[in-house]
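Have a look at the structure below, then the notes.
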Amino acid sequence: MKLFVYHTPELTPTNEVPDCAIAVDVLRATSTIATVLAAGGEAVQVFSDLNKLMEVSEQWPSEKRLRAGERGGAKVAGFELGNSPLDCTPELVEGRRLFISTTNGTRALQRVQNSPAVLAGALINRDAIVQFLLEKQPATVWIVGSGWEGSFALEDTVCAGAIAHSLAEKSHITPDELAGNDELISAIALYSQWQDNLLGLLHHASHGKRLLRLDCHEDLKYCSQTDILDVLPMQHEIGVLKSKN
C-alpha cells in the first residue's frame with residue numbers, strides 16, 4: 001500500500017485514478033458529513049454549485065431533505081443549515097438526505113469521484129478510515145486535502161498525518177514504506193508534533209481563525225477530536241455518500 005498526500009484537489013495528478021481516495025476537509029465539510037451519517041442521515045449528496053443543489057433537492061419530498069450551504073465559512077441565505085456539524089443532531093437529520101455545498105470540501109470530493117473507493121475522512125472518524133485501509137489493502141491511496149480556495153490548510157494536512165500515523169502503527173509498516181510522496185512524511189511529522197494539542201493547531205490555521213471570527217469556537221473543539229465516531233462515509237453513486245457501517 002502506498003499513501004499519497006495532496007494538499008489541495010488542484011495538486012492531484014490529472015491522468016491517474018487511485019484505488020482509494022480519501023477527501024479531507026476537517027473544517028468542516030467532511031466532519032459534517034461524518035456527523036450526519038453517524039446521526040442517522042439517509043445520505044449526503046454533495047454539490048459545488050448552489051443552483052444545481054437547489055434543482056436536484058427540489059425533486060425530494062421536503063420532509064426527507066435538508067439543504068446546507070456555506071460560503072466563506074458563513075451560512076448561505078435561504079438554506080436550513082450552514083456547515084456546522086454541531087447543528088446536525090439526530091432529531092434533525094435522521095432518515096433525511098443532506099444536500100450540501102461548501103467552499104472547499106465538496107470540490108475535493110468531486111475531484112476524486114471516479115476512484116473505485118471514495119471516502120470522506122476527518123479527525124473525528126479517523127479510526128474507521130484506518131480500519132477500512134487495513135481490511136481492504138488498496139494498492140494506492142490518495143488523501144486529498146480540501147485546502148482553502150486552492151491553498152494549503154494545516155487542519156487537512158494534520159488529518160492526513162493522523163491517518164497515516166495510525167495506519168503505520170497498526171500495520172507495523174514504516175512511514176518510509178507507506179510513503180508515496182514527500183507530503184506523506186511531512187504530514188506525519190506535523191501530526192506527531194501536534195497530536196496532543198490538535199485544537200491548538202486548529203487555532204493557528206488560517207481557516208480556524210476565520211471560523212473563530214464567526215464565533216465557531218465549539219466547532220473547532222468538536223472537529224479537533226479524534227476517533228469519536230465509528231462511521232465510514234463512502235460514495236455509493238457519484239456525489240452521494242452513505243455510511244458503510
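Here are a few things to note about the model shown:
- For the criterion of being more than 23 Å from Val17 (Cα to Cα), touching a residue at least 40 places away in the same chain (Cβ under 8 Å) and assigned to a helix (DSSP H, G or I), Ser192 fails.
- Any hit, the range 223-240, residues being assigned to a helix (DSSP H, G or I) and either in contact with an Asp or Glu (Cβ under 6 Å, 6 or more places away or on another chain) or touching a residue at least 40 places away in the same chain (Cβ under 8 Å) (or both): yes
- Residues of the range 227-243 classified as over 12 Å from Ala120 (Cβ atoms) and within 13 Å of the chain's Cα centre (by Cα), total: 0
- For the range 47-78, the set of residues classified as part of a loop (DSSP other than H, G, I, E, B), at negative phi and not polar (S, T, N, Q) consists of Phe47, Asp49, Glu58, Trp60, Pro61, Val76, Ala77, listed by residue number.
- Residues located in the range 200-218, provided they are part of a helix (DSSP H, G or I), more than 22 Å from Val5 (Cβ to Cβ) and open to solvent by 10 Å² or more (accessible area, probe 1.4 Å): His203, Lys209, Arg210, Leu212, Arg213, His217, Glu218
- Residue match in the range 230-238 (condition: open to solvent by less than 20 Å² (accessible area, probe 1.4 Å), over 14 Å from Cys159 (Cβ atoms) and touching a Pro at 6+ places or on another chain (Cβ under 8 Å)): no
- Segments classed as helices (runs of 4 or more DSSP H), wholly inside the range 93-178, with at least 1 members that are modelled with pLDDT of 95 or more and hydrophobic (A, V, I, L, M, F, W, C): 126-136, 154-171, 175-178
- From the options Glu80, Glu63, residue that is among the acidic types (Asp, Glu), modelled with pLDDT of 90 or more and touching a Leu at 6+ places or on another chain (Cβ under 6 Å): Glu80
- Among the candidates Val36, Val26, Val44, the residue that is under 17 Å from Ile129 (Cβ atoms), modelled with pLDDT of 95 or more and either open to solvent by 30 Å² or more (accessible area, probe 1.4 Å) or assigned to a strand (DSSP E or B) (or both) is uniquely Val44.
The values are calculated or read from the model by the stated rules, or taken from the named source; none is laboratory data. Just so you know, these numbers come straight off a predicted model, no measurement behind them. When we count neighbours, we look across all protein chains shown, and the Cβ atoms used for this are built from the backbone with ideal geometry, even at glycine. Please note that ligands, DNA and RNA were not included when accessible areas were found on the heavy atoms of the full protein model with its side chains. Shrake-Rupley method; radii C 1.70, N 1.55, O 1.52, S 1.80 Å.
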